[in-house]
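The structure under discussion appears below in the form of structure tokens.
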Amino acid sequence: MLRVRDLLRVPLMTLAVLSIAGVGATSSDYLAGSLTKLEPQAIYSADPHDSWNRILYLLFTRRVECRLTEEFHQPGPMEQVRAMGNPTLAVTSRSFERIEGGDRAIDPLYPNFFSSKGAESVLGDPQFDELKQGLKDALAEPGQRPPLHRALMQADVWAAFETLSWEADGPLASRAREALPMLAQFIRKLALTSEEIASLPNNYLATQATAQLPALFDARSGWIEVEWFPDRLHDVAVNYRRATRIFLKPTSSPQKFLIDVNKRIHRRKEPLPDFAKQLDAATIVLEVLLIDSDGQVVPSPLTYEMEIRSFAKDSEGRFQKTIVTQYELSRKSLLANPSSGGLVRVAEDQPAYLPSSGNDYTFASPLASGKVPGTPILATLRRRCQSCHGDDITSVFTFEMKLGPGRAPRVRQLPVVEGLHAAYVAKQKAAERSFKSLQQMR
């Protein structure tokens with residue numbers, strides 16, 4: 001079913017896509033990260049049948065039929081298909097099955113890009129009655145669960161509310177309308193005070209202490225947060241429920257880099273004609289927004305996902321290769337040990353679903369190609385990145401814009417401690433119709 005918001009999502013070839021990958025995989029194991037069976041996981045409590053675990057299970061866990069690229073070396077016939085960024089791609093003619101658990105940096109009720117299949121997964125029988133019962137049990141709980149638990153659950157329930165709010169037509173529309181008020185009540189019950197939000201762990205800094213994450217927030221590190229235009233497709237794709245921050249590490253000093261870039265913009269030239277030569281690395285960080293107890297959209301210190309691209313060079317400074325690493329939030333890991341940060345490393349040879357278009361930021365999207373149209377294609381994280389960033393994965397789409405008439409803004413360095421972009425996104429969300437609809441139900 002085509003939804004109104006999807007009309008805004010025309011395929012674009014030059015938009016960044018965050019790569020999504022399974023955890024703990026090898027390049028030949030397409031089942032790495034897949035569950036062995038459909039069942040609730042012990043995420044929010046040790047009891048898998050706790051109401052919150054049941055809700056999470058219904059929103060996220062499902063079987064996914066997919067075709068595999070040649071990276072997985074599966075026997076059997078292959079066919080050539082066209083996919084985003086891949087004019088010819090060899091994939092299996094038959095489908096394979098994974099059971100996705102969802103404890104990672106993805107939104108619930110997938111797939112939902114030009115598809116209602118994800119929403120239908122909880123609106124059909126018996127899942128709909130199970131979801132209602134889970135929500136009733138959660139709403140009936142006396143008292144409140146810890147702030148970190150509520151923050152993570154609110155972000156997921158909020159995403160589910162927005163997905164179901166688009167199901168206004170079709171045979172399951174009445175069920176969507178029945179579920180929405182219950183989801184809205186749960187979002188309100190999950191709300192945190194401003195003090196509780198401030199007390200949430202900064203899981204990026206926690207992970208940095210135990211893993212080799214770049215020191216993005218250290219002014220001495222050579223990293224800078226930049227903004228050219230404030231509106232970003234990553235923010236739009238999630239209806240402003242998360243804020244996307246862009247960090248660059250120039251080969252020159254940050255000051256010289258910004259002067260050179262802005263000189264080119266003033267002359268109406270490409271800001272960065274050679275990304276790999278002028279940058280040592282580029283990183284994108286997605287941060288969670290929350291609804292506080294006053295009903296306001298506010299930034300939080302929680303990092304949801306990040307992607308690091310390092311541009312390896314030889315001793316003469318010539319580009320050799322782009323090294324891709326991704327980190328995704330694991331709810332279970334963060335709740336079990338907040339000091340760990342809960343961000344799980346994903347290597348470039350681990351499984352990842354290919355996007356259906358350049359502005360598809362979702363999970364397990366069906367691709368309309370080959371003999372089995374409507375089936376997701378599972379490749380590796382590196383190939384997913386190549387689908388939008390090119391074979392060498394060097395493009396930085398923050399700067400790949402065609403300037404129209406009039407004066408273009410200057411690229412500016414943002415003070416990282418102030419979180420200016422998150423505040424901007426929160427303001428955009430507060431003005432959105434979907435948020436106002438939620439406020440009326442709360």
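Does segment 379-395 include one or more residues that are surrounded by fewer than 20 Cβ atoms within 10 Å (Cβ to Cβ), at pLDDT below 90 and under 21 Å from V285 (Cα atoms)?
Within segment 379-395, none of the residues are surrounded by fewer than 20 Cβ atoms within 10 Å (Cβ to Cβ), at pLDDT below 90 and under 21 Å from V285 (Cα atoms).
Can you name the condition, by its number, that P299 falls short on among (1) part of a loop (DSSP other than H, G, I, E, B); (2) under 20 Å from the mean Cα position of the chain (by Cα)?
The one condition P299 does not meet is (1).
Quick check on segment 157-175: of everything there that is in contact (Cβ under 8 Å) with a residue 12 or more places away in the chain and either over 18 Å from F60 (Cβ atoms) or among the hydroxyl-bearing types (S, T, Y) (or both), which residue is surrounded by the fewest Cβ atoms within 10 Å (Cβ to Cβ)?
D169
Quick one: is L343 within 14 Å of the chain's Cα centre (by Cα), surrounded by fewer than 24 Cβ atoms within 10 Å (Cβ to Cβ) and closer than 22 Å to V425 by Cβ?
Criteria not met by L343.
Select from segment 229-258 the residues that are farther than 16 Å from E432 by Cβ and polar (S, T, N, Q) and list them in ascending order.
Result: T244, T251, S252, S253, Q255.
Among the residues of segment 131-143, write down those that are more than 27 Å from the chain's Cα centre (by Cα) and either closer than 15 Å to E178 by Cα or without any contact (Cβ under 8 Å) to a residue 24 or more places away in the chain (or both).
Result: Q133, K136, A140, P142, G143.
Under 6 Å between Cβ atoms, which residue pairs at least 6 apart in sequence (or on different chains) link something in segment 177-196 that is modelled with pLDDT of 95 or more with a partner that is of a type in the set (V, I, T) and in a helix (DSSP H, G or I)?
L183/V157; F186/V157; I187/V157
From (1) touching a helix residue (DSSP H, G or I) at 6+ places or on another chain (Cβ under 6 Å); (2) of a type in the set (D, E, K, R); (3) closer than 16 Å to S51 by Cβ, pick out the condition that doesn't hold for D107.
(3)
Based on this model, can you work out whether Y240 counts as crowded, with 19+ Cβ neighbours inside 10 Å and on the phi > 0 side of the Ramachandran plot?
Answer is yes for this residue.
Starting from segment 254-274, take each residue that is among the aliphatic types (A, V, I, L, M) and list its partners that are surrounded by 14 or more Cβ atoms within 10 Å (Cβ to Cβ), counting only C-beta distances under 6 angstrom and pairs at least six apart or across chains.
Note: pairs meeting the criteria are V261/P271; V261/V411; I265/P271; I265/A408; L272/Q278; L272/F399.
Looking at segment 143-254, what helices (runs of 4 or more DSSP H) fall wholly within it and have at least 1 residues that are more than 18 Å from S300 (Cα to Cα)?
In segment 143-254, the matching helices (runs of 4 or more DSSP H) lie at 147-165, 173-190, 203-210, 233-237.
Just to check your reading of the model, which residue among Q413, Q326, Q320 is surrounded by 23 or more Cβ atoms within 10 Å (Cβ to Cβ) and either over 24 Å from C66 (Cα atoms) or within 21 Å of the chain's Cα centre (by Cα) (or both)?
Q326
Out of contact with any Gly (no Cβ under 7 Å at 6 or more places or on another chain) and under 21 Å from A368 (Cα atoms): which single residue out of L89, L38, L31 fits that description?
The unique qualifying residue is L89.
Rundown of residues vs (1) charged (D, E, K, R); (2) modelled with pLDDT of 95 or more; (3) closer than 18 Å to D218 by Cα; (4) buried (at least 17 other Cβ atoms within 10 Å of the Cβ), yes/no style:
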residue	(1), (2), (3), (4)
K256	yes, yes, no, no
N262	no, yes, no, yes
K269	yes, no, no, no
T283	no, yes, yes, yes
S300	no, yes, no, yes
E305	yes, yes, no, yes
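For L258, all conditions in the list (1) touching a strand residue (DSSP E or B) at 6+ places or on another chain (Cβ under 7 Å); (2) closer than 17 Å to Q428 by Cβ hold save one; what is the number of the exception?
For L258, the failing item is (2).
The values are calculated or read from the model by the stated rules, or taken from the named source; none is laboratory data. In this text, all values refer to a predicted model and were calculated from it rather than measured experimentally. A quick note on method: Cβ atoms are made from the backbone with ideal geometry, for glycine too, and the neighbour counts reach across all protein chains shown.
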